[in-house]
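Reviewing the structure listed below.
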Amino acid sequence: MNASPATNADREAFYARIDPQNMAPLWTRLKSLVPAAPTPIGVPHQWRYADVRPFVLESAQHISAAEAERRVLILENPALRGSSQITSSLYAGIQLIMPGEVAPAHRHTQSALRLVLEGSGAYTAVDGEKTIMQPGDFVITPSWTWHHHGHEATGPMVWLDGLDIPMLAHFNSTFREDHHQAEANITRPTGDSMARYGSGLLPLNHKSDSLNSPVFNYPYARTREALARLAHAGAPDVHQGYVMRYVNPVDGGWAMPTMATTIRLLPAGFETHTYRSSESAIFVCLEGETTINVGEQKLSLQPEDVAVVPGWMPYTLNAKSESVLFCFSDRVAQEKLGFFREARQ
Ligand code: GTQ
């Protein structure tokens with residue numbers, strides 16, 4: 001029985017009369033505004049490094065790092081073309097720097113992470129300290145810190161950039177500033193942060209007002225060693241494999257305040273149980289060959305391939321050979337705001 005007093009025509013007329021007041025009825029939209037569960041935004045997709053690498057390298061023929069400021073090819077989710085988004089909340093791109101180049105110093109409220117894909121010897125300078133990067137290294141550029149990149153070694157250097165650009169755009173809280181010098185002053189020796197904060201030690205009475213880990217380069221060699229030992233001494237998580245998160249040694253929290261970063265090892269032949277969470281995740285294969293089964297898709301990742309899995313889509317991981325996957329997501333922001341969810345089958 002329809003107990004509502006009004007006919008549809010009455011209602012439409014009412015909506016038309018409130019429209020000039022810039023008002024609209026909630027009840028026609030409630031179920032989509034406040035749905036029972038997330039509708040995935042964007043689609044699962046993979047970028048094969050073998051396919052994108054020639055274009056990344058070719059970009060150096062078209063523009064210098066100095067002119068481009070950042071010579072990056074953006075990875076756009078196929079369902080979100082034109083938005084510069086890989087997920088609803090995250091941006092990803094592949095950055096190239098050639099020997100002798102400098103990508104000039106600037107700062108912005110967006111946080112950035114780097115995951116080195118190819119080459120070695122280039123540096124990024126963050127807040128007055130340089131770090132030399134090697135393949136697999138995870139490097140942090142905290143919000144509003146001066147940073148520039150340079151390359152004094154040989155060969156092209158390529159890394160994946162992950163930024164929280166769409167997240168900050170959502171809050172319309174984006175600020176940027178260019179440094180008056182291409183290279184911001186270096187005030188601390190290379191390796192200083194690692195020695196002070198990344199050795200299982202902290203300077204006594206250390207106080208930090210940063211939301212980020214003071215360790216701003218997590219070298220792959222050390223990460224890989226930890227993973228190998230973890231895999232040696234226990235059973236993998238059935239949903240995730242041998243997975244570890246990069247931590248801020250000062251408070252034990254995630255390394256960055258908006259983007260959660262993890263690294264995992266999957267033994268050869270390992271297949272995870274089905275997992276999903278409200279985080280949108282970007283995976284980078286560092287070693288081996290692993291398939292992400294998500295929806296109708298099988299994303300088969302080889303080293304340096306990048307894949308995106310939108311939030312709340314169930315997926316499994318299937319390792320053909322022993323594999324290492326880096327992952328970054330918006331999980332930490334969701335956790336801090338109190339609405340991160342996961343489901344295990
Ligand atoms: O290296 O500072 O991919 O500011 C996008 C924006 C990289 C960077 C990007 C940036 C950077």
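The values are calculated or read from the model by the stated rules, or taken from the named source; none is laboratory data. Keep in mind the model is a prediction, meaning the values are calculated, not measured. Counting neighbours? That spans all protein chains shown, and the Cβs are built from the backbone with ideal geometry, glycine included. Side chains are part of the model used for accessible areas, which takes the heavy atoms of the whole protein and leaves out ligands, DNA and RNA. Shrake-Rupley method; radii C 1.70, N 1.55, O 1.52, S 1.80 Å.
Quick one: which residue in T124, T145, T154, T131 is over 19 Å from C327 (Cβ atoms) and touching a His at 6+ places or on another chain (Cβ under 6 Å)?
Numbers: T145 fails: touching a His at 6+ places or on another chain (Cβ under 6 Å); T154 fails: touching a His at 6+ places or on another chain (Cβ under 6 Å); T131 fails: touching a His at 6+ places or on another chain (Cβ under 6 Å).
Selected residue: T124, the only one of T124, T145, T154, T131 that is over 19 Å from C327 (Cβ atoms) and touching a His at 6+ places or on another chain (Cβ under 6 Å).
Any idea which of (1) open to solvent by less than 40 Å² (accessible area, probe 1.4 Å); (2) free of Cβ contacts under 8 Å to residues at least 60 places away in the same chain is the one R229 doesn't satisfy?
(1)
Do we have A103 as over 30 Å from L317 (Cα atoms), within 14 Å of the ligand (Cβ to nearest atom), crowded, with 19+ Cβ neighbours inside 10 Å and among the aliphatic types (A, V, I, L, M) here?
Taking the combined requirement at face value, the residue satisfies it.
What is the residue count in segment 45-83 for residues that are charged (D, E, K, R), surrounded by fewer than 17 Cβ atoms within 10 Å (Cβ to Cβ) and more than 14 Å from the ligand (Cβ to nearest atom)? Steps first, answer last, please.
From segment 45-83, those charged (D, E, K, R) are 48, 51, 53, 58, 67, 69-71, 76, 81; that's our starting set.
Subsequent filtering for residues that are surrounded by fewer than 17 Cβ atoms within 10 Å (Cβ to Cβ) retains 48, 51, 58, 67, 69-70, 81.
Those left that are additionally more than 14 Å from the ligand (Cβ to nearest atom): 48, 51, 58, 67, 81.
Counting residues in segment 45-83 that are charged (D, E, K, R), surrounded by fewer than 17 Cβ atoms within 10 Å (Cβ to Cβ) and more than 14 Å from the ligand (Cβ to nearest atom) gives 5.
Tally time: how many residues in segment 316-333 are touching a Gly at 6+ places or on another chain (Cβ under 9 Å) and farther than 18 Å from G162 by Cα? Before the answer, list the steps.
Our first condition is that a residue be touching a Gly at 6+ places or on another chain (Cβ under 9 Å); within segment 316-333, this holds for 317-326, 328-330, 332.
Those left that are additionally farther than 18 Å from G162 by Cα: 317-324.
Number satisfying all stated conditions: 8.
Enumerate the pairs (first residue in segment 67-92 and touching a residue at least 24 places away in the same chain (Cβ under 8 Å) and assigned to a loop (DSSP other than H, G, I, E, B); second residue anywhere and aromatic (F, W, Y) and more than 14 Å from the ligand (Cβ to nearest atom)) with beta-carbon separation below 6 Å, excluding pairs fewer than 6 apart on the same chain, so at least 6 apart or on different chains.
L75/W47
Given the structure, is V238 open to solvent by less than 30 Å² (accessible area, probe 1.4 Å), modelled with pLDDT of 95 or more, among the β-branched types (V, I, T) and away from the ligand (no atom under 15 Å from the Cβ)?
Values: open to solvent by less than 30 Å² (accessible area, probe 1.4 Å): no; modelled with pLDDT of 95 or more: yes; among the β-branched types (V, I, T): yes; away from the ligand (no atom under 15 Å from the Cβ): yes.
No: the conditions fail for V238.
Could you list, in sequence order, the residues of segment 259-289 that are closer than 18 Å to G42 by Cα and open to solvent by 20 Å² or more (accessible area, probe 1.4 Å)?
R276, S278, E279
What are the residues in segment 245-257 that are surrounded by fewer than 14 Cβ atoms within 10 Å (Cβ to Cβ) and either within 20 Å of the chain's Cα centre (by Cα) or closer than 25 Å to Y315 by Cβ (or both), if any? Write out each step before concluding.
Within segment 245-257, the subset surrounded by fewer than 14 Cβ atoms within 10 Å (Cβ to Cβ) is 251-252.
Hit for segment 245-257 is G252, nothing else.
Give the number of residues within segment 290-299 that are assigned to a strand (DSSP E or B) and open to solvent by 40 Å² or more (accessible area, probe 1.4 Å). Reasoning before the result, please.
Our first condition is that a residue be assigned to a strand (DSSP E or B); within segment 290-299, this holds for 290-294, 297-299.
Cutting the leftovers down to open to solvent by 40 Å² or more (accessible area, probe 1.4 Å) gives us 297-298.
Number satisfying all stated conditions: 2.
For segment 85-98, give me each residue that is open to solvent by 40 Å² or more (accessible area, probe 1.4 Å) and either modelled with pLDDT under 95 or within 12 Å of the ligand (Cβ to nearest atom) (or both). Outline the logic, then answer.
Just the residues of segment 85-98 that are open to solvent by 40 Å² or more (accessible area, probe 1.4 Å), to begin with: 85, 88, 98.
Once the filter is applied, which keeps residues that are open to solvent by 40 Å² or more (accessible area, probe 1.4 Å) and either modelled with pLDDT under 95 or within 12 Å of the ligand (Cβ to nearest atom) (or both), segment 85-98 yields nothing.
Of M167, M157, which residue is more than 19 Å from G100 (Cβ to Cβ) and either modelled with pLDDT of 95 or more or β-branched (V, I, T) (or both)? Talk me through it step by step, then tell me what you get.
Working: M157 fails: more than 19 Å from G100 (Cβ to Cβ).
One residue alone meets the criteria, M167.
So which residues in segment 118-152 are among the polar types (S, T, N, Q) and open to solvent by 10 Å² or more (accessible area, probe 1.4 Å), if there are any at all? Step through it out loud before you land on a result.
Quick first cut of segment 118-152, residues among the polar types (S, T, N, Q) only: 120, 124, 131, 134, 141, 143, 145.
Of everything in segment 118-152, those that are among the polar types (S, T, N, Q) and open to solvent by 10 Å² or more (accessible area, probe 1.4 Å) turn out to be S120, T131, Q134, S143, T145.
On the basis of being assigned to a loop (DSSP other than H, G, I, E, B), crowded, with 23+ Cβ neighbours inside 10 Å and not β-branched (V, I, T), does N205 make the cut?
Working: assigned to a loop (DSSP other than H, G, I, E, B): yes; crowded, with 23+ Cβ neighbours inside 10 Å: no; not β-branched (V, I, T): yes.
Taking the combined requirement at face value, the residue does not satisfy it.
Does segment 244-289 hold any residues that are part of a loop (DSSP other than H, G, I, E, B) and within 23 Å of L75 (Cβ to Cβ), and which are they? I'd like the intermediate steps shown before the answer.
Step one: of segment 244-289, the residues part of a loop (DSSP other than H, G, I, E, B) are 246, 248-253, 255-259, 267-270, 272-274, 278-280, 288-289.
Scanning segment 244-289 gives Y246, A255, M256, P257, T258, M259, S278, E279, S280, G288, E289.
Have a look at P236, P257, P214 and point out the one that is touching a Lys or Arg at 6+ places or on another chain (Cβ under 9 Å), over 26 Å from S120 (Cα atoms), without any contact (Cβ under 8 Å) to a residue 60 or more places away in the chain and not basic (K, R).
Numbers: P257 fails: without any contact (Cβ under 8 Å) to a residue 60 or more places away in the chain; P214 fails: over 26 Å from S120 (Cα atoms).
None of the other options fit; the residue is P236.
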